[in-house]
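This report refers to the structure that appears directly beneath it.
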Amino acid sequence: MNLPQQLREHIINHYIKDKAPDGFNDDDNLIDQGLLDSLAIMNLIVWLEKQAAIEFDEGDIVLENFSSVKALLDFVRRKCAVSSDD
Amino acid sequence: MTLNLAEIFFQQAALRPEHRAILGPDEDASISYGALREHIQTLAAQLLAAGLHPGMNIGLHYPGGQAYIALTYALWACGACVTPIPMELATEEKQLIFQHIAIDAVISTADCTLFAAHAVGAAIPLAEHACLLNLKVLRTRPVALARLNPAFIRFTSGTTGEAKGVILSHETIFARIQAANQGLQIDANDRIIWLLSMAYHFAVSIVAYLSFGATIILCKNSFGSTILQAANRYRASLIYAAPTHYELMSHDRSDQALLDLRLAIVTTAYLRPDIAEAFYQRFGIAPHETYGIIEVGLPAVNLDAPKEKRGSVGKLLPSYSVTLDSPDENGIGEIMLCGPGLLDAYYQPWQARADILSQHGGWLATGDLGFIDEDDYLFIVGRSKEMISVAGMKFFIREVETVLERHPAIQAACVFAVKSRRLGETPIAHVVPAANQEPPDDAELKAYCGEHLAGYKIPDQFHWVESLARTASGKLIRNTEKLLTTQHTKIL
């Protein structure tokens, strides 16, 4: 399973399952719906750093990058692309 | 007459019924002391009607927030004790709590399937989308427990893989918050930003705020911009947060200031100097580092010299005393404390406070290493206990090794900490393959660990070695520098 798939599965299993309304999709806002609260965000950052080896730069941990499953996947793809260019 | 923390809150509610107890997390959401008291009493009546009675120990498996606070106080109002079951633990870790601590029932989110195997009868619905599930008690209750008037049992896994629980009575928690408030000076004028896990932080924080008439501000999330918006919207006077929260606030790109803030309390982990400096440069306030441990409470806060003595947790608060056991040539020794509100007992094996303290001449051995400078400021430099702290979430190394050694392809494991810029520390494992077994790859091992351990405990890397590094006397070497340079032993 590649990283975006792993991340999507992790988010759904840990933060969305049982809480999301019916018909939830990747564009839906995780913050407004209260699916990622302050503790969940910290746990997700730990997971991304430890399990996905994502290195956060100053300014990466902002609402725009965590607002939806799609935004998170886009962020991870950007980070992976940058690190493979290095 | 025994003390009950719910009664302390009810007295505050009687004094100031219209005063806000909680603000947020949604805009315009708030509840007054009077309304929260009514809500707690309604919940308590529901619980009593469902069969709850004084002396019971109830597991609380519920997300942090206003409902968590109300449920905890309702349980105390019923005379029950609360054992938090952190939501983020792996299923196996949650079940371990029930195997080691006698828990009569659990209050959980609506989905109780996790506890179904030990359920007695059907789940009883409560307010707050919670349910109460009576359980078959899996172990014997220590006979001395009831005499302690327990409020909390905080489960911790032990250094040897043996579990233990820290018992805090109502009287102990009350003594702790009184001692802490000699320094913090919290009162009804305070509005306190809350960002941490309520399953781990409640006694000398939430209880203190509500016992002294302060207002708790719940944030919708922990992004820097959100914390600052909440702080400004509600004119926060105090922030109680982890280093990462201060880092995120420091890097916020807006021009928001913290005009009403009088204390920026740092807890859970060591604050990197660059974060402390960035926060100071951005807001003109030096964060106050603290020393908080479950067995003691909050014995030290760097209140008077957070900038001049950066890196120190301050002088001991007036009620506490400190000494260092066996200091080395640099003056570094194990921190030993005494003062009010020390733990009442360890649950397993049962050890009452007097027995724990008698082992060290009346002092509580913290397991932390530190030194005291010429001005009496305490600095913490490490731990003598074999623990790792990932983003402030602490765990014993041995529990990870135990899980690894249960894997059929692993004969032995040694887990140790390496420094991480953002997380503070992170675990790495040396693993010895079992005979005639194909070693799994990292992804497979991480997935295996994920089935048994919370995510933050899973090692970042696994190094396959012929044998574990040991001292001449056979003790495992956990010195990170030595282990990372023992390249010759790697076999894969």
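The values are calculated or read from the model by the stated rules, or taken from the named source; none is laboratory data. Treat the numbers as computed from the prediction; the structure is a model and nothing was measured. Ideal geometry is used to build each Cβ from the backbone, glycine not excepted, and the neighbour counts take in all protein chains shown. For the accessible areas, the whole protein counts, side chains as well, though only heavy atoms, and no ligand, DNA or RNA atoms are used. Shrake-Rupley method; radii C 1.70, N 1.55, O 1.52, S 1.80 Å.
If we only count strands (runs of 3 or more DSSP E) wholly inside segment B:185-286, which ones have 1 or more residues that are closer than 21 Å to A:Gly34 by Cβ and within 11 Å of chain A (Cβ to nearest Cβ)?
Output list reads B:191-194, B:215-218, B:238-241.
So in segment B:301-315, with the set limited to residues that are part of a loop (DSSP other than H, G, I, E, B) and touching a His at 6+ places or on another chain (Cβ under 7 Å), which one is surrounded by the most Cβ atoms within 10 Å (Cβ to Cβ)? Steps first, answer last, please.
Our first condition is that a residue be part of a loop (DSSP other than H, G, I, E, B); within segment B:301-315, this holds for B:302-313, B:315.
Subset that is touching a His at 6+ places or on another chain (Cβ under 7 Å): B:302-303, B:306.
Numbers: B:Asn302: 27, B:Leu303: 16, B:Pro306: 23.
The residue in question is B:Asn302.
All but one of (1) within 30 Å of B:His288 (Cα to Cα); (2) in contact with a strand residue (DSSP E or B) (Cβ under 8 Å, 6 or more places away or on another chain) hold for B:Arg421; which doesn't?
(2) is the only condition that B:Arg421 fails.
Kindly provide the set of residues from segment B:175-190 that are within 15 Å of B:Val296 (Cβ to Cβ) and not β-branched (Val, Ile, Thr), ordered by number. Before the answer, list the steps.
We begin by selecting, within segment B:175-190, every residue within 15 Å of B:Val296 (Cβ to Cβ); these are B:175-180, B:182-183.
The answer is B:Ala175, B:Arg176, B:Gln178, B:Ala179, B:Ala180, B:Gln182, B:Gly183.
Out of the helices (runs of 4 or more DSSP H) lying entirely within segment B:31-116, which hold 1 or more residues that are farther than 18 Å from B:Asn149 by Cβ, of a type in the set (S, T, N, Q) and out of contact with any strand residue (DSSP E or B) (no Cβ under 6 Å at 6 or more places or on another chain)?
B:33-49, B:91-100
Which ones in segment B:223-242 are crowded, with 19+ Cβ neighbours inside 10 Å, out of contact with any Lys or Arg (no Cβ under 7 Å at 6 or more places or on another chain) and closer than 20 Å to B:Asn189 by Cα?
Of segment B:223-242, the ones crowded, with 19+ Cβ neighbours inside 10 Å are B:223-224, B:226-228, B:230-231, B:234, B:236-242.
Imposing the further condition that a residue be out of contact with any Lys or Arg (no Cβ under 7 Å at 6 or more places or on another chain) reduces the set to B:223-224, B:227-228, B:230-231, B:239-242.
Listed by number, the residues that qualify are B:Ile227, B:Leu228, B:Ala230, B:Ala231, B:Ile239, B:Tyr240, B:Ala241.
If B:Leu298 satisfies all but one of (1) outside any loop (DSSP other than H, G, I, E, B); (2) touching a helix residue (DSSP H, G or I) at 6+ places or on another chain (Cβ under 6 Å); (3) over 30 Å from A:Asn43 (Cβ atoms); (4) among the hydrophobic types (A, V, I, L, M, F, W, C), what's the number of the condition it fails?
Condition not satisfied by B:Leu298: (3).
Given the criterion open to solvent by less than 60 Å² (accessible area, probe 1.4 Å), without any contact (Cβ under 8 Å) to a residue 24 or more places away in the chain and more than 13 Å from chain B (Cβ to nearest Cβ), identify the matching residue among A:Asp37, A:Asp60, A:Asp74.
Details: A:Asp37 fails: more than 13 Å from chain B (Cβ to nearest Cβ); A:Asp60 fails: more than 13 Å from chain B (Cβ to nearest Cβ).
Being open to solvent by less than 60 Å² (accessible area, probe 1.4 Å), without any contact (Cβ under 8 Å) to a residue 24 or more places away in the chain and more than 13 Å from chain B (Cβ to nearest Cβ) holds for just one of A:Asp37, A:Asp60, A:Asp74, which is A:Asp74.
Under the condition of being loosely packed, with under 14 Cβ neighbours inside 10 Å and farther than 22 Å from B:Ser222 by Cβ, which residue from segment B:8-37 is nearest to the chain's Cα centre (by Cα)?
Ranking the candidates gives B:Gln11 first.
Could you check segment B:411-431 and list, in sequence order, the residues that are touching a Phe, Trp or Tyr at 6+ places or on another chain (Cβ under 8 Å) and open to solvent by 30 Å² or more (accessible area, probe 1.4 Å)?
Passing the criteria: B:Arg422, B:Gly424.
Quick check, is A:Asn13 farther than 25 Å from B:Gly24 by Cα, modelled with pLDDT of 75 or more, more than 11 Å from chain B (Cβ to nearest Cβ) and surrounded by fewer than 20 Cβ atoms within 10 Å (Cβ to Cβ)?
For A:Asn13, the condition - farther than 25 Å from B:Gly24 by Cα, modelled with pLDDT of 75 or more, more than 11 Å from chain B (Cβ to nearest Cβ) and surrounded by fewer than 20 Cβ atoms within 10 Å (Cβ to Cβ) - is not met.
Filtering segment B:432-447 down to residues that are part of a loop (DSSP other than H, G, I, E, B) and free of Cβ contacts under 8 Å to residues at least 12 places away in the same chain, which residue is most open to solvent (accessible area, probe 1.4 Å)?
The residue in question is B:Asn436.
Looking at segment B:50-92 only, could you name the residues that are of a type outside the set (Phe, Trp, Tyr), within 18 Å of the chain's Cα centre (by Cα) and within 14 Å of chain A (Cβ to nearest Cβ)?
Selection gives B:His61, B:Pro63, B:Gly64, B:Gly65, B:Pro84, B:Pro86, B:Met87, B:Glu88, B:Leu89, B:Ala90.
Is it fair to say B:Ala70 is surrounded by fewer than 17 Cβ atoms within 10 Å (Cβ to Cβ) and either of a type outside the set (Asp, Glu) or out of contact with any Cys (no Cβ under 9 Å at 6 or more places or on another chain) (or both)?
No: the conditions fail for B:Ala70.
Being over 15 Å from B:Trp194 (Cβ atoms) and either modelled with pLDDT of 95 or more or not polar (S, T, N, Q) (or both) is true for just one of B:Arg233, B:Arg262. Which residue is that?
B:Arg262
For segment B:95-127, enumerate the residues that are touching a helix residue (DSSP H, G or I) at 6+ places or on another chain (Cβ under 7 Å) and surrounded by 19 or more Cβ atoms within 10 Å (Cβ to Cβ). It would help to see each step written out before you state the result.
Let us first name the residues in segment B:95-127 that are touching a helix residue (DSSP H, G or I) at 6+ places or on another chain (Cβ under 7 Å), namely B:98, B:106-108, B:114, B:118, B:126-127.
B:Phe98, B:Val106, B:Ile107, B:Ser108, B:Leu126 - these are the residues of segment B:95-127 that are touching a helix residue (DSSP H, G or I) at 6+ places or on another chain (Cβ under 7 Å) and surrounded by 19 or more Cβ atoms within 10 Å (Cβ to Cβ).
Considering only residues that are buried (at least 18 other Cβ atoms within 10 Å of the Cβ), out of contact with any strand residue (DSSP E or B) (no Cβ under 6 Å at 6 or more places or on another chain) and modelled with pLDDT under 85, which ones fall in segment B:455-492?
Answer for segment B:455-492, where residues must be buried (at least 18 other Cβ atoms within 10 Å of the Cβ), out of contact with any strand residue (DSSP E or B) (no Cβ under 6 Å at 6 or more places or on another chain) and modelled with pLDDT under 85: just B:Gly455.
Quickly run through segment B:243-262 and pick out the residues that are among the aliphatic types (A, V, I, L, M) and open to solvent by less than 10 Å² (accessible area, probe 1.4 Å).
B:Met249
B:Lys394 passes all but one of (1) at pLDDT below 85; (2) more than 20 Å from the chain's Cα centre (by Cα); which number fails?
If we test B:Lys394 against (1) at pLDDT below 85; (2) more than 20 Å from the chain's Cα centre (by Cα), just (2) comes out false.
Could you look through segment B:400-421, keep only residues that are more than 18 Å from B:Ser389 (Cα to Cα) and in a strand (DSSP E or B), and pick out the one that is nearest to the other protein chains (Cβ to nearest Cβ)?
B:Ala413
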